[in-house]
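The values are calculated or read from the model by the stated rules, or taken from the named source; none is laboratory data. In this text the structure is predicted, and so the values were computed from the model without any measurement. Here Cβ is always computed from backbone atoms with ideal geometry, including for glycine, and neighbour counts include all displayed protein chains.
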Amino acid sequence: MTNSHRQGTLFIISAPSGAGKTSLVKELLKSLDGIVVSVSHTTRTQRPGEVDGRDYVFVSQEDFGEMVAEAAFLEHARVFDNHYGTAKATVEAALQQGKDVILEIDWQGARQIRGLMPACQTIFVLPPSRDSLELRLSGRGQDDLETIRRRMADAISEMSHYGEYDYLIINDVFDQALDELRAVVLASRLKMFHQSNAQHALIEGLLG
């Protein structure tokens, strides 16, 4: 439940491709109120079934470049031939409304944002084993062996930065990993800074 006196918390969630991060976040949103996922801006082409503003905010290379020049992004990166970025105004507006905000970004983006917003909470999700990760990456059945090898190499590189995060969740049993992710968010909401502001009237009544 959101409260007008409560400033939202920014949660950064990172994981290698195939670790199940997106599925965890999707289920988390179903089970908790007052939490949203930040929608990234991207220059890549909109794919069939994607909705502008829900999946991504699709912009031109020129518009993206202007936003970079105006320092409108908390973080941005180039992935292959496309650019992705997290708009500062969108995140700050949601936090001021008392909503918790989730960013699903890689370790480089997390490092950029941690420097700008040190109060953010960072969570890393790992698979239970390298074999299970390779199985998940190859189980999609859409890619050749070389692509899978490259994805495994990228995943290992991403995983090597797990130690930079506040929390570590192993996604072995999905429901358990979901409970752990929910626990991080709920514990953050109970921190003294948030609770003393949100429950100010109650506390005054108890002490008055």
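Annotations
- Candidates Arg54, Arg44, Arg78, filtered to the one that is without any contact (Cβ under 8 Å) to a residue 24 or more places away in the chain and in a loop (DSSP other than H, G, I, E, B): Arg54
- The sole residue among Ala155, Ala201, Ala183, Ala187 that is surrounded by 15 or more Cβ atoms within 10 Å (Cβ to Cβ) and in a helix (DSSP H, G or I) is Ala155.
- The residues listed here are Glu104, Glu164, Glu146, Glu134; of these, the one that is exposed (fewer than 13 other Cβ atoms within 10 Å of the Cβ) and either at pLDDT below 95 or touching a helix residue (DSSP H, G or I) at 6+ places or on another chain (Cβ under 7 Å) (or both) is Glu146.
- Of all residues making up region 89-116, the number that are closer than 19 Å to Ser14 by Cβ and either in contact with a Leu (Cβ under 6 Å, 6 or more places away or on another chain) or part of a helix (DSSP H, G or I) (or both): 12
- Options Val51, Val59; residue that is touching a helix residue (DSSP H, G or I) at 6+ places or on another chain (Cβ under 9 Å) and farther than 21 Å from Arg111 by Cβ: Val59
- For region 111-146, a residue qualifies if it is of a type in the set (Asp, Glu) and in contact (Cβ under 8 Å) with a residue 12 or more places away in the chain, and exactly one does: Glu134.
- Residues in region 6-41 that are surrounded by 14 or more Cβ atoms within 10 Å (Cβ to Cβ) and either aromatic (Phe, Trp, Tyr) or assigned to a loop (DSSP other than H, G, I, E, B) (or both): 16 in all.
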